[in-house]
Amino acid sequence: MIQLDTSHGTNLVPAPGAISESEQIAKLKQTLLKDIRRSAYVFRVDCGGCNGCEIEIFAAISPLFDAERFGIKLVSSPRHADVLLYTGAMTRAMRQPAIRAYNAAPDPKIVISYGACGCTGGIFHDLYCVWGGTDPVIPVDLYIPGCPPTPAATIYAFALALGLLDQKLKARHHVEGEDENVVPIHPQIPLNLRVELEREARRMAGYRHGRIIADRFMHLLGAEEPTPFAERVQHYLDREDDPRLAEIFGKLTDIVLKR
Amino acid sequence: MLKLLTGLFKTGDATVKYPFAPYPVSPGFRGKPEFAPKRCIACAACTIACPANALTMSTDHHAGKRTWKLNYGRCIFCARCEEVCPTGAIVLSGDFELAVFNKADLMVTAEFTLTNCQSCERPFAPAKEVNYVIELLTRAGMPESETERQRVMLETCPECKRRAEVSRVTQASRHRRPEITP
Ligand code: SF4
Ligand code: SF4
Ligand code: SF4
């Protein structure tokens, strides 16, 4: 078997000029993180993403999400910044400017990697011109995954940094147990019929919603209830009140009746 | 002025209460891919579909283990994995609270045991996957004698199958030779 890429964003070649911080600064930063007690000024550095992340950052400071109620303000110079927000994959061309922005910000500073690109390089991780995420070049304190992170995810990350909320995600590892066998989904329905239903639903509704719709349909089809199947479907469709769903369900019912 | 004020009062507070209150996501929201390792058969369909290589697999032939890895830091929340998963082991949830201080917390890993090839006795395919296929065949109405015969086939690695095929063909042609050359 071929050994697949398992490096997960760690570069084989170290990026030139990678920065590591001294112990004293790390300590100062911990105090800043724990006990900020004032507004946090944020400077954005786009290292080469698709700009989706920028749009979401601006959505997060819009009145609807209003990051400014926590004192989070975007500033236009790294010299005013407490927090550096790096978005986008670290491209070759932006490595030097990213380092300059880091050096220009006064210590102690907090570095946040924003989006899949910032965390690991995201979808661009294996491009010839990309060093990976932010961390091959600059020490990072907080990672915000998402492509792009929604404004709510951005607010969550700021709340996490300010100590308002706790981190939810933890590393998980599972080892296969004894007799851990898997039962197929919808075992009552013959495999051929299941494939046909899923195929038709996906053709009509797209890959994700098609699967969800086919799943619901087969759930209704396989359920052991006294009410006849047609009645159950009608009841469900009345509740959902969606003509598109009714059409897809009609097609799926035709497939079942044909057999 | 009065009109403006009444308008403002009527609209009320537009800002969401989050993070002080839960934030409901819209239906169909693509959040954190939730992985149920007990339902995974280590078939690798998701690792092939994943466009960002957030899902990867590696095989340790010596230990006879295959490791499944998901990196939330690289995931682009496209739901391709959910689409291809035959058992529904990975499904996108409405969870968006993914920020972490330590990058290692973005990883989900699972370790699966490989079954040995019946003829060369080297590990080659996940035991769960083989069992799942047999389960499917049984449910499709295959009698047990036939599934046991299929199990021998399924638990033979491609290399041994090829070797068996080659020897079968050469055997057959050797038997046939007298007829072709009189
Ligand atoms: S994480 Fe996604 S949205 Fe953000 S810059 Fe990268 S590709 Fe664009
Ligand atoms: S949602 Fe997309 S990017 Fe994320 S793990 Fe699944 S296939 Fe990969
Ligand atoms: S597609 Fe599903 S069953 Fe197959 S390896 Fe991925 S999660 Fe596991």
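The values are calculated or read from the model by the stated rules, or taken from the named source; none is laboratory data. Please read all numbers here as calculations on a predicted model, not as lab measurements. Every residue, glycine among them, receives a Cβ derived from its backbone with ideal geometry; neighbour counts consider all protein chains shown. Please note that ligands, DNA and RNA were not included when accessible areas were found on the heavy atoms of the full protein model with its side chains. Shrake-Rupley method; radii C 1.70, N 1.55, O 1.52, S 1.80 Å.
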Looking at region A:136-210, which GluC sites (Glu not before Pro) are DSSP coil and have at most 11 other C-beta atoms within 10 Å of their C-beta?
A:Glu178
Helix-derived [θ] at 222 nm for chain B: sum -39500 (n - 2.57) over DSSP H runs of at least 4, divide by residue count, nearest 500?
-11000 deg cm²/dmol
Where labels lie 7 Å past Cα in the beta-carbon direction, separation of B:Arg139 and B:Val169 in nm
3.6 nm
Largest to smallest accessible area among A:His186, A:His173 [probe 1.4 Å]
A:His173, A:His186
How about region A:29-76: which trypsin sites (Lys or Arg not before Pro) there are in a DSSP loop, with at most 12 other Cβ atoms within 10 Å of their Cβ?
A:Arg37, A:Arg38
Check cross-link reach from A:Lys29 to the lysines: straight Cα distance under 16 Å, and skip same-chain residues fewer than eight apart.
A:Lys109
Let me have the relative contact order for region B:23-182, percent, based on Cα pairs under 8 Å that are six or more residues apart.
22 percent
Within the accessible area of chain B, what % is carbon and sulfur when the probe is 1.4 Å and the other protein chains stay in place?
59 percent
Suppose we look only past 27 Å in the calculated P(r) of the protein assembly as shown. What percent of the Cα-Cα pairs does that tail hold?
64 percent
Please give the helix A:229-240 orientation as an angle from the longest Cα principal axis of chain A, in degrees from 0 to 90, rounded to the nearest 10.
40 degrees
Given pairs B:Lys65/B:Lys161; A:Lys73/A:Lys168; A:Lys258/B:Lys128; A:Lys73/B:Lys69 and cut-off 28 Å on Cα-Cα distance, the over-length ones are A:Lys258/B:Lys128; A:Lys73/B:Lys69
Sort B:Cys50, B:Cys120 by heavy-atom solvent-accessible area, probe 1.4 angstrom, most to least.
B:Cys120, B:Cys50
Residues of region A:103-121 that become at least 50 Å² less accessible with every protein chain present than in their own chain isolated, using 1.4 Å: which are they?
A:Thr120
Nearest 10 degrees, 0 to 90: what angle lies between the long axis of helix A:23-34 and the longest principal axis of chain A (Cα atoms)?
50 degrees
Counting other C-beta atoms within 10 Å, and keeping those with at most 16, which DSSP coil GluC sites (Glu not before Pro) do you find in region B:98-167?
B:Glu121
Roughly how many Å² of A:Phe70 are accessible to a 1.4 Å probe, to the nearest 10?
40 Å²
Kirkwood hydrodynamic radius (Cα pairs, Å) of region A:191-258?
12.0 Å
Once accessible area is computed for A alone, B alone and the pair with a 1.4 Å probe, the total buried surface, to the nearest 100 Å², works out to 6200 Å²
